[in-house]
Structures are given as structure tokens and as C-alpha cells.
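Student: Structure below; questions to follow.
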Amino acid sequence: MWTADKPFNSLPDLPPPIDVESKHVLKQVTEARAALASLDQAARRIPNPSVLLNSIPLLEAQASSEIENIVTTADELFTADQLDAESARPEAKEALRYRAALLDGVRSVRQRPLSTNTLIAICSTLQAREMRVRDLAGTFIGNPVTREAIYTPPEGQRLLLERLDAWARFAHSNATLDPLVLMALAHYQFEAIHPFSDGNGRTGRIVNILLLIERGLLSEPILYLSRYIIQNKSEYYRLLLAVTAEASWEEWVSFMLEGIRQTALSTVEKIDDIQLLHREMQAELRAALPGGANADLLDVLFEQPFCRITTVMERCGVSRPTATKWLKLLAEAEILVPLKLGKSLIFVNGRFFSLLTRSERAPEPTPTLF
Ligand SMILES: Nc1ncnc2c1ncn2[C@@H]1O[C@H](COP(=O)(O)OP(=O)(O)OP(=O)(O)O)[C@@H](O)[C@H]1O
Ligand SMILES: [Mg+2]
């Protein structure tokens, strides 16, 4: 039996004892998988994949960190990424670490299956210190002021390690479950185990992406799922709790599947718009620069919406005067906006930046049973 203020040491391992793949869930699975497949194809179509790999994980980092009330703006993050990250605010540094943890995690799952050690490594990168699986009591989810608990995760390091091992076995089991359903179940379970003293939410959200990459449903970490979670934050918390309190698995799985579908579709739209803008700017660069459009320069302007003279020098193999001349000409033609930040001059690709950060309207919801 579960009680809000007692450590849930009898948390059962996965899979749940009921069949979560109802007809309705399977219909959602089909739609979410189609959306994910079109995202993967769109990403493969793009000539320079760094365009997405630099920016989408940074947006994911911003949204995911904001759930923990670590509030940064996209421009603060893109700027911190360009300038000396050491001088950034702690909140920006924290979000940059989220991206680092995500990208490290991707490298890791390309080499070996996700394990408890991968989880510890991710959480340690996020927190910038060696994290261990909790061995102290007192972690709870609830009101920090009144100390009223909503959920109290299991306690005891040995028990937590056993639950995590079982979690990893389940994540790699050849169960007949669809990989997206498996991801949703695994996310609940990881949060319910809550193995660390902090960073469980963010680690769990990184793991969502890693599980999809492991299963070959996504080739790069460009699913921006945390935006959906932050937009539906109270629902996200309510449904996590409802699994524990009422075994509402189907509603939880349904929520996550809808998130994958919506996020994948809106990212495809973003990618299409980025490609259109890329073509438009190619023509503009051709007209604005004496020697015509330099392909490397165009790439640089789309890898980061904020660009420095030194980046152009390095990437295009040109001297400082040439790089400066190019960027100034583009600023004069109002293609880029110059911005003085401390001692540094950076040039902003404003249209690319707005495209990356615009808040999309959510795609039409699929009618749900609930
Ligand atoms: N009732 C619940 N049962 C299990 N897990 C929960 C419940 N409510 C919230 N959680 C999870 O706990 C996370 C918060 O835990 P923690 O503070 O360790 O993570 P974080 O990464 O620091 O924070 P955040 O997720 O808010 O960014 C939430 O994001 C959510 O995933
Ligand atoms: Mg926290």
C-alpha cells in the first residue's frame, strides 16, 4: 500500500500488471511514431545537421531547466554559448550543463546500453558534482515549507540500486511493448524511484530522448519534449501521482504519447521553415557580398543565431579584416544585427533566432478518451 508521507519501498518493478496498450493507446502510438518518423526524415534532409544539433538541444535545455524554476532566456543562453561561458549567470550555466549532459548521454548510448552508471553520469554533469544514489532519508516531493508530502520515494541505497537495475533491465527487455509506451513507463518509474537527492526530473527528461535514440526511433537528440512538459506542467505532476495513487497508467501513457506527437510535428515545421529561410538568405548573401555567398559563412550563420568575427575567421578560413567586412556588409544590408556585449561584438541572425524561439501553436489535439 502506498501513503504520501511514507517511503514507497514497495514500489513494484515494471511492467505494470495491467495491459496498458489499449486500442486507444495503440492508435496514439501509430500517430506518435508517424510524427517521429517525419521528424527523423526532416532532420536527415537538412544539408548541415549542426544547424539543429546546436540549437534544439539548447532550447530543450532551457525548457527543461525552467521546470525546476531555473529561468533563463534563449538569447541569454545563445549568448553565453558564444561568449565566455564562465561569465554567464549561474542559471545559464546550469542550462548549458543540461545540454552537455544530454549530448554526453547520446555519445554514451551509442557505445553501450543505458545503465545505472549512465544515469549517475548524467546527473553528475547536470549538478556539476559527483552524484551518488541517495543513501540518506528525507527526500520527498511536496511542500518544502509545510513539509507536507505528496509523494515519498523509496529509501535505502541498496534498494534504490536494485530498483534501478530492474529499471535498466526493463528498458532493454525484448518485451512486446512499443518503444514509445516503454519510454513513458520508464519515465514514470525513474521518477518514482527518484534515485538522487536532486536533478531527478531533468535526468529523467534526458533519458526519455536517450531511450528513443537507443531504440533507433530518433537519430539525433532533436526532440524538444520538455517544452510540452513545461506547457502542461501541472498535468504532468498530476498524472505521475495518479499512476502511484490510482494505477492510472493509461492516462499517463496517453499524455506522453501526445507530447511526442505534438513536439515532433512542431519541430518538423521548424525545420521546414529553417530550410526556407536558409534558401532566402543564400540569395540575400549573394546580393550583399562582393564575392557572392560563401557557403561556409551561410552555415555559420545557421549553426548559431549569434555569431562572432572569430568564428567566421576560423570556419571560413579568412582573415579578420575579411570576416569583419563580410559581417559589417550583412549588417548594413539589415540581414544581421550587430550587438555589443561587453568588449565583444556579435552579429545576430534575428530571423533565425525568432524562428527557433517562437512559441508554436499546439497542433490540433487528437481527441482522447479521458
Ligand atoms: N508524484 C510524483 N511521483 C513521482 N515523481 C514525481 C512526482 N511529482 C513530481 N515528480 C518528479 O520529480 C521531479 C522533480 O525532482 P527533482 O527536484 O529531483 O528534479 P529536478 O530535475 O531538480 O527538478 P525538475 O524536474 O523540477 O526540473 C519532477 O520533474 C517530476 O519528474
Ligand atoms: Mg530539484
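Read the figures in this text as sums done on the coordinates, not as results from a lab. It should be emphasised that the depicted structure is a prediction, and the values quoted were computed from it without experimental measurement. Using ideal geometry, Cβ is built from the backbone for each residue, glycine included, and neighbour counts are taken over all protein chains shown.
Student: Could you let me know the centre-to-centre spacing of region 228-289 and region 74-95, using Cα atoms, in angstrom?
Tutor: Comparing the Cα centres of region 228-289 and region 74-95, I get a distance of 23 Å.
Student: Also: Are there trypsin sites (Lys or Arg not before Pro) in region 142-199 that DSSP marks as loop and that have at most 10 other Cβ atoms within 10 Å, and which are they? Display every interim value, and only then the final one.
Tutor: Details: sites: Arg147, Arg158, Arg163, Arg169; in loops: Arg147.
Of the trypsin sites (Lys or Arg not before Pro), the ones in loops of region 142-199 whose Cβ has at most 10 other Cβ atoms within 10 Å are Arg147.
Student: Still on this structure: Determine, from the Cβ-Cβ distance of Leu329 and Asn48 and an R0 of 25 Å, the FRET efficiency 1/(1 + (r/R0)^6), rounded to the nearest 0.05.
Tutor: It comes to 0.65.
Student: Another question, then. Classify region 68-199: rounded, prolate or oblate, from the alpha-carbon gyration tensor (a ≥ b ≥ c, eigenvalue square roots; a/c under 1.5 rounded; otherwise prolate if a/b is larger than b/c)? Write down the numbers at each step before the final one.
Tutor: Numbers: a/c = 1.97, a/b = 1.28, b/c = 1.54.
Judged from the Cα gyration tensor, region 68-199 comes out oblate (a/c at least 1.5, b/c at or above a/b).
Student: Enumerate the amide H contacts of Met131 below 5 Å, restricted to partners 5 or more residues apart or on another chain; note that Pro and chain-start residues carry no placed amide H.
Tutor: Amide H neighbours of Met131, under 5 Å, 5+ apart: Ser124.
Student: Under a 5 Å amide H to amide H cut-off, with H placed in plane at 1.01 Å, what residues pair with Leu341 once short-range neighbours are removed?
Tutor: Ile346
Student: Right, another one. Can you work out the Karplus-derived ³J(HN,Hα) for every residue in region 278-288? Use 6.51 cos²θ - 1.76 cosθ + 1.60 with θ = phi - 60°, whole Hz, and x for glycine or proline.
Tutor: 4, 5, 4, 6, 4, 5, 5, 5, 4, 6, 8
Student: Right, here's the next one. Among the lysines in the chain, how many pairs, 8 or more places apart or on different chains, have alpha carbons under 19 Å apart? Display every interim value, and only then the final one.
Tutor: Working: Lys325/Lys340; Lys325/Lys343; Lys328/Lys340; Lys328/Lys343.
Count of close lysine pairs: 4.
Student: Considering Cα pairs under 8 angstrom that are at least six residues apart, work out the relative contact order of the chain and quote it in whole percent. Don't skip to the end; give the middle numbers.
Tutor: Working: 483 pairs, mean separation 84.4, N = 370.
Relative contact order of the chain: 23 percent.
Student: Normalized C-alpha radius of gyration of region 23-269, against 2.2 N^0.38 Å? Display every interim value, and only then the final one.
Tutor: On the way: Rg = 17.5 Å, N = 247, 2.2 N^0.38 = 17.9 Å.
So region 23-269 has a normalised radius of gyration of 0.98.
Student: Run the numbers on region 180-336 and let me know its relative contact order in percent, using alpha-carbon pairs under 8 Å that are six or more apart. Don't skip to the answer; put the middle values down first.
Tutor: Details: 101 pairs, mean separation 24.4, N = 157.
Computed over region 180-336, the figure is 16 percent.
Student: Using a 7 Å offset from the Cα along the Cα-to-Cβ direction at both Ile150 and Ala247, what is the distance between the two label points in nm, to one decimal?
Tutor: Result for the modelled spin labels: 2.4 nm.
Student: Further, regarding this structure: Could you check the simple spin-label distance between Ser10 and Ala166, using points 7 Å along Cα→Cβ, in nm with one decimal?
Tutor: 1.3 nm
Student: Okay, next question. To the nearest 0.05, what FRET efficiency results for Leu159 and Asp75 with a Förster distance of 51 Å applied to their C-beta separation? Before the final figure, lay out each step's value.
Tutor: Numbers: r = 44 Å, r/R0 = 0.87.
The pair Leu159/Asp75 has a calculated efficiency of 0.70.
Student: Run the helix sum for the chain: -39,500 (n - 2.57) per DSSP H stretch of 4+ residues, divided by residue count, reported at 222 nm to the nearest 500 deg cm²/dmol. Please list the in-between numbers first.
Tutor: Working: 15 runs with 228 residues, N = 370.
Roughly -20000 deg cm²/dmol at 222 nm, from the helical runs in the chain.
Student: Here's another thing I want to ask about it. In sequence order, what are the phi-derived ³J(HN,Hα) couplings for region 17-31 according to the Karplus relation 6.51 cos²θ - 1.76 cosθ + 1.60 with θ = phi - 60°, rounded to whole Hz, with x for glycine and proline?
Tutor: Once rounded to whole Hz, the list reads x, 10, 7, 8, 8, 5, 4, 5, 4, 5, 5, 5, 4, 4, 5.
Student: Run the quick spin-label model on Ala37 and Asn117: label points 7 Å from Cα toward the beta carbon, then report their separation in nm to one decimal.
Tutor: Between Ala37 and Asn117, the simple spin-label model gives 3.6 nm.
Student: Further question on the same structure: If you plug each phi of region 171-186 into the Karplus form 6.51 cos²θ - 1.76 cosθ + 1.60 with θ = phi - 60°, what whole-Hz ³J(HN,Hα) values come out, in order, with x for Gly and Pro?
Tutor: 4, 10, 6, 8, 4, 6, 5, 5, x, 6, 5, 4, 4, 5, 5, 5
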